[in-house]
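Working notes, beginning with the structure itself.
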Amino acid sequence: MTPAQLEGAIEVHEGSVHSADGTRIGFHRLGAGPAIVFVHGSISTHADWMHVARLLAPRFTCYCMDRRGRNRSAAGGAYSLEREYEDILAVLQAAGPGAFLVAHSFGAICALGAALRQLPPRLGIFEPPLPIGGTVGGEIDSYRQAVEEGDNELAIEIGLRHFSRISEQEIAQIRHARGWVRLCHLAPTWVRELVAVDELPRSVERYRRVTCPTLMLVGENSPEHPLRDASRALAPVLPNVRVELLRGLDHSAMRRAPEVVARLIDDFLSGGGG
């Protein structure tokens, strides 16, 4: 059976839990073995991790959660990072004792916060955009205005340019990609997350308490700010960290090169290094 056939044969089940405030948080579960909870970033859903999860499913039970306000996850009440932490902890509890935690981008910020409350056995983080080198949402007023006026396409262009800091050529490619409609649909959710990020302390000292073995993935071609600079500041603070540079790849590596990301996660969670 080819890898594509194997991937297509894997059964995916939908489930949900209720977070501490009663909000329903949905997830997609697949595979068998030790559990991994995957957390996605901004303007995305569980789908961002599904290629990696399918590759890991023969060895792990993968829970790809939707953060609140997406797909089968309800929006809940007043937004805060604390609620995001509680959502992750609720899915970890559903996954069972010993579940690993792996997260991308804004989801990695949420995972770090959850780990401060309850250490997972092992933690994987991929470029949390902490505001180490300055604000992340520098053009948030113009972004918010575009969202309020119902121009989600303009909002996403502003966000990709000023928050994700990608090139005009890449933005043009994304506009014509299949996922453009999904990005525009999720545009309003980015506002609250940018506000939350820029309200975080500039210091990363609090993360010294994340003492579990931690895998940090860093894209060689990712923007310096707020991704590579944040990872560079965070690495020396984490007591038990293993840093892997994804050569030739960027912040979207789990979508563009899922085999590379899955191999590193598999090796780390199976006890290799760290």
### Query
What tally of residues in segment 242-265 results from selecting those that are buried (at least 18 other Cβ atoms within 10 Å of the Cβ) and either of a type in the set (A, V, I, L, M) or assigned to a strand (DSSP E or B) (or both)?
12
### Message
Could you check segment 195-223 and list, in sequence order, the residues that are among the small types (Gly, Ala, Ser), closer than 23 Å to Leu269 by Cβ and part of a loop (DSSP other than H, G, I, E, B)?
### Response
Ser222
### Message
Among the numbered criteria (1) closer than 28 Å to Leu55 by Cα; (2) part of a helix (DSSP H, G or I), which one does Pro226 miss?
### Response
(1)
### Query
Across segment 81-122, which residue is nearest to Gly219 (Cα to Cα) among those that are surrounded by fewer than 17 Cβ atoms within 10 Å (Cβ to Cβ), in contact (Cβ under 8 Å) with a residue 60 or more places away in the chain and not hydrophobic (A, V, I, L, M, F, W, C)?
Pro121
### Message
Tell me yes or no: at least one residue of segment 9-17 is surrounded by 15 or more Cβ atoms within 10 Å (Cβ to Cβ), at pLDDT below 95 and within 25 Å of Ala257 (Cβ to Cβ).
### Response
yes
### Message
Quick check on this structure: which one of Arg29, Arg67 is basic (Lys, Arg) and crowded, with 22+ Cβ neighbours inside 10 Å?
### Response
Arg67
### Message
Can you list residue pairs whose Cβ atoms sit under 8 Å apart, with the first residue in segment 69-80 being under 14 Å from Ser42 (Cα atoms) and in the same structural domain as Ile43 (by TED's automatic domain parsing) and the second being buried (at least 17 other Cβ atoms within 10 Å of the Cβ) and modelled with pLDDT under 95? Count only pairs 6 or more apart in sequence or on different chains.
### Response
Gly69/Gly76
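Being closer than 10 Å to Phe27 by Cβ and among the charged types (D, E, K, R) is the filter here, so list the residues in segment 68-86 that pass it.
Residues of segment 68-86 that are closer than 10 Å to Phe27 by Cβ, as a first pass: 71-73.
Correct list: Arg72 only.
I need the helices (runs of 4 or more DSSP H) fully contained in segment 41-139, keeping only those with at least 2 residues that are in contact with a Ser or Thr (Cβ under 7 Å, 6 or more places away or on another chain) and not β-branched (Val, Ile, Thr).
By residue number, 81-95.
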### Task
Please verify whether segment 129-152 includes one or more residues that are small (Gly, Ala, Ser), in contact with a Pro (Cβ under 9 Å, 6 or more places away or on another chain) and within 18 Å of Ile88 (Cα to Cα).
no
### Task
Of all residues in segment 163-173, count the ones that are surrounded by 14 or more Cβ atoms within 10 Å (Cβ to Cβ) and over 19 Å from the mean Cα position of the chain (by Cα).
2
### Task
Confirm whether Gly96 is farther than 27 Å from Ala187 by Cα, out of contact with any helix residue (DSSP H, G or I) (no Cβ under 6 Å at 6 or more places or on another chain), small (Gly, Ala, Ser) and modelled with pLDDT of 95 or more.
yes
### Query
For the subset of segment 222-240 comprising residues that are hydrophobic (A, V, I, L, M, F, W, C) and surrounded by 19 or more Cβ atoms within 10 Å (Cβ to Cβ), which member is nearest to the chain's Cα centre (by Cα)?
Leu227
### Single match in Ile158, Ile125 (criterion: at pLDDT 95 or above and under 17 Å from the mean Cα position of the chain (by Cα))
Ile125
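The values are calculated or read from the model by the stated rules, or taken from the named source; none is laboratory data. Quick caveat: nothing in here was measured; it's all calculated off a predicted structure. Because the Cβ atoms are built from the backbone with ideal geometry, glycine has one as well, and the counts that use them run over all protein chains shown.
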